[in-house]
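The structure appears right after this line, and notes come after that.
The values are calculated or read from the model by the stated rules, or taken from the named source; none is laboratory data. The structure displayed is predicted, hence computed values, not measured ones. Methodologically, a virtual Cβ is constructed for each residue, glycine included, from the backbone with ideal geometry; neighbour enumeration extends over all protein chains shown. Areas reflect the complete protein model, heavy atoms only, side chains present, ligands, DNA and RNA absent. Shrake-Rupley method; radii C 1.70, N 1.55, O 1.52, S 1.80 Å.
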Amino acid sequence: MLGPKELPPEVASDPSVYEQWRYCNKCDIYQGPKTRHCNDCGVCIDELDHHCPWMSKCIGKGNMKEFKWFNVSWILYFLYCMSGLLF
């Protein structure tokens, strides 16, 4: 486990990869190239897409599949409810 202000060894040894990383002052860690800080949650998320108020969490690389299923489920429920009004 890396501590704060430590880069992974493979990143520190390669200058072209090192330039893509940046430091997050709020989390006190180095962020990967696609990592962003979420101000709502106060953490850095890999491939942050957005903060979802309905799921009450950040949507990123680790839970994008669950977020898509969440959207499919509420759309299907909405269509089910609307079909009950029509028939």
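Evaluation of Ser13 against the conditions (1) over 17 Å from the mean Cα position of the chain (by Cα); (2) open to solvent by less than 50 Å² (accessible area, probe 1.4 Å) shows that the sole unmet condition is (2). Residue count for the range 1-54 under the criterion of being of a type outside the set (Phe, Trp, Tyr) and under 29 Å from Glu66 (Cα atoms): the result is 33. In summary, Arg22 fulfils each of the numbered conditions (1) touching a Phe, Trp or Tyr at 6+ places or on another chain (Cβ under 9 Å); (2) open to solvent by less than 70 Å² (accessible area, probe 1.4 Å) with the single exception of condition (2).
Pairs are defined by a Cβ separation below 8 Å, a sequence spacing of at least 6 or placement on different chains, a first member in the range 19-33 that is assigned to a loop (DSSP other than H, G, I, E, B), and a second member that is among the aliphatic types (A, V, I, L, M) and exposed (fewer than 11 other Cβ atoms within 10 Å of the Cβ); no pair meets this definition.
Within the range 33-87, being of a type in the set (Ser, Thr, Tyr) and either within 13 Å of the chain's Cα centre (by Cα) or surrounded by 10 or more Cβ atoms within 10 Å (Cβ to Cβ) (or both) holds for Thr35, Ser56, Ser73, Tyr77.
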